[in-house]
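The values are calculated or read from the model by the stated rules, or taken from the named source; none is laboratory data. Note that this is a predicted model, so its numbers are computed, not measured. Cβ atoms come from the backbone with ideal geometry, glycine included; neighbour counts cover every protein chain shown.
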Amino acid sequence: TVAGGLQIDCAATKGLVRPDWNPWALDKDARLRIWPAGAPWIRPGTFTYPVKQHWFVGETQMANEPCFVNACDLPGLTAVYYHYGLDFGGAEGLTEVVAATDGIVVSVRGKTIDSPDIPTVVQPRGDVVYLRDGRGWYYRYSHLHSIDPAIKLGGRVKMGQKLGLLGKEGSSGGWAHLHLDVSVPQPSGRYGVTDAYAFAWQAYRAKHPEARLKAVARPHRIAWVGDEVSLDADRSWSADGPKHIVRYDWTFSDGAKAEGPVVKRRYDRPGEYSEILQVTDADGRVDYDFAVVVVYDRKQPKVVSPTIHAVYWPSGKIAAGGEVTFMVRSFAFSPEEGCERWDFGDGSPAAESRSMPVEVKPNGSRLHQHDENGYVPVKHRFAKPGDYIVSVSRTNNRGETATARLHVHVE
């Protein structure tokens, strides 16, 4: 919010905190952050985008959003898990993770430097790298598939230096992503997580000045069968200001279409839906994002709705005829239930795959999270330049379908 010559951000509220869960170190009702209007959110040149891929190339779970990608948004089963860092979905073993800042490696491969000054937010684990920057902030990079040999305990790294490859190790829930959180000193004197979304967005824009338009249909929604769901594209962004966006076009899973920044929908069956948003600016640029809606049956709240995670690599500079690697994994399926069906949006024949899903039991426990064959790769080549909407879905024995969509730009 901008008011009175100030930018005001509410980074966390007391509603996120549980007696046993307070990574924000929040003692009051809310935490506000204030900057002068028009000022950068973090000092330019001190923070870079931490993954070598495009913005919103796949699903994300950003600060304070309930987790959902791996079928963990479970009404009737568990307390809501409000995510406290930034999760960037990516291709397991392919997407490169880089240091967001200059820093010192204070923990890596399960070991921590010997110092009495290390705060308790540093929890060593084999898949995690912790860096401390010159501000005294601590950065946690989790679930790494591999850690670069150059990353040594106590060593220094430069902003943009490779830390490793993105993966699903540790407490990832079985989906491939980078978890990044940033812990900073709070008024209480304790370290607590600060919302780094604004820093990542500022850094991405600085790195990609050619990105003049971004569709935003996130965060995801969760709903009961039959309830009205509001899908909101008002967060979409233009470098020329919000009025430069002249069209918001929606295409829904049932084939229906609508226009406008905010639309309403109802769903008559549990599952995961991915609704297509296309925004157009006054110069004719277009961009796409997807509104994910996870639907549950109110009459059977303990029956877990299926979800699916898809991603592709590389995400930039894809030439016509060049090979693209797609990867997919399903959640809340048993291994023998169905298979993934691919539509690449270019008129080519459909493809099928069968990932090793993460089984989610009635009590919320999970099987096969770290199966090395969890994700299955599918290769494809687009013959012509253009923007393609790629869809992949899987249906369980109850007839419930999980669908993911990806926007692929081919030069």
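Annotations for the structure displayed:
- Only listed residue being more than 22 Å from the chain's Cα centre (by Cα), over 25 Å from T95 (Cα atoms) and in the same structural domain as Y267 (by TED's automatic domain parsing), chosen from G364, G338: G338
- Annotation note: of G167, G160, the sole residue that is farther than 25 Å from W24 by Cβ, surrounded by 17 or more Cβ atoms within 10 Å (Cβ to Cβ) and at pLDDT 95 or above is G167.
- Hits in the range 16-52 (condition: surrounded by 20 or more Cβ atoms within 10 Å (Cβ to Cβ) and assigned to a strand (DSSP E or B)): R31, V51
- When the range 319-338 is filtered for residues that are surrounded by fewer than 17 Cβ atoms within 10 Å (Cβ to Cβ), assigned to a loop (DSSP other than H, G, I, E, B) and at negative phi, the ones remaining, listed by number, are A319, A320, G322, S334, P335, E336.
- Positions within the range 341-376 being out of contact with any Phe, Trp or Tyr (no Cβ under 7 Å at 6 or more places or on another chain), under 20 Å from P314 (Cβ atoms), surrounded by fewer than 19 Cβ atoms within 10 Å (Cβ to Cβ) and in contact (Cβ under 8 Å) with a residue 40 or more places away in the chain, in sequence order: V376
- Of the residues making up the range 78-109, just one is in contact with a helix residue (DSSP H, G or I) (Cβ under 7 Å, 6 or more places away or on another chain) and surrounded by 23 or more Cβ atoms within 10 Å (Cβ to Cβ), namely L86.
Residues are listed down the side, and each one gets a yes or a no for (1) in contact (Cβ under 8 Å) with a residue 60 or more places away in the chain; (2) surrounded by fewer than 24 Cβ atoms within 10 Å (Cβ to Cβ):
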{"site": "A256", "(1), (2)": "no, yes"}
{"site": "E259", "(1), (2)": "no, yes"}
{"site": "V262", "(1), (2)": "no, yes"}
{"site": "R269", "(1), (2)": "yes, yes"}
{"site": "Q278", "(1), (2)": "yes, yes"}
{"site": "D289", "(1), (2)": "yes, yes"}
{"site": "V304", "(1), (2)": "yes, no"}
{"site": "H309", "(1), (2)": "yes, no"}
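- Filter result for A239 (of a type in the set (A, V, I, L, M, F, W, C), buried (at least 18 other Cβ atoms within 10 Å of the Cβ) and modelled with pLDDT of 95 or more): no
- Residue, nearest to the chain's Cα centre (by Cα), within the range 67-114, restricted to residues that are at pLDDT 95 or above and hydroxyl-bearing (S, T, Y): T95
- Residue under evaluation H143, criteria (1) surrounded by 20 or more Cβ atoms within 10 Å (Cβ to Cβ); (2) in contact (Cβ under 8 Å) with a residue 40 or more places away in the chain; (3) in contact with a His (Cβ under 7 Å, 6 or more places away or on another chain); (4) not aliphatic (A, V, I, L, M), criterion not met: (2)
- Lone qualifier among P75, P119, P149, P124 - being assigned to a loop (DSSP other than H, G, I, E, B), surrounded by fewer than 20 Cβ atoms within 10 Å (Cβ to Cβ) and in contact with a Gly (Cβ under 6 Å, 6 or more places away or on another chain): P124
- Meets criteria (among the β-branched types (V, I, T), over 23 Å from H145 (Cα atoms) and either out of contact with any Gly (no Cβ under 8 Å at 6 or more places or on another chain) or surrounded by fewer than 17 Cβ atoms within 10 Å (Cβ to Cβ) (or both)) for V392: yes
- Test: S230 is exposed (fewer than 15 other Cβ atoms within 10 Å of the Cβ) and at pLDDT below 95: no
- Qualifying residue in the range 53-66 (condition: at pLDDT below 95, surrounded by fewer than 23 Cβ atoms within 10 Å (Cβ to Cβ) and part of a strand (DSSP E or B)): yes
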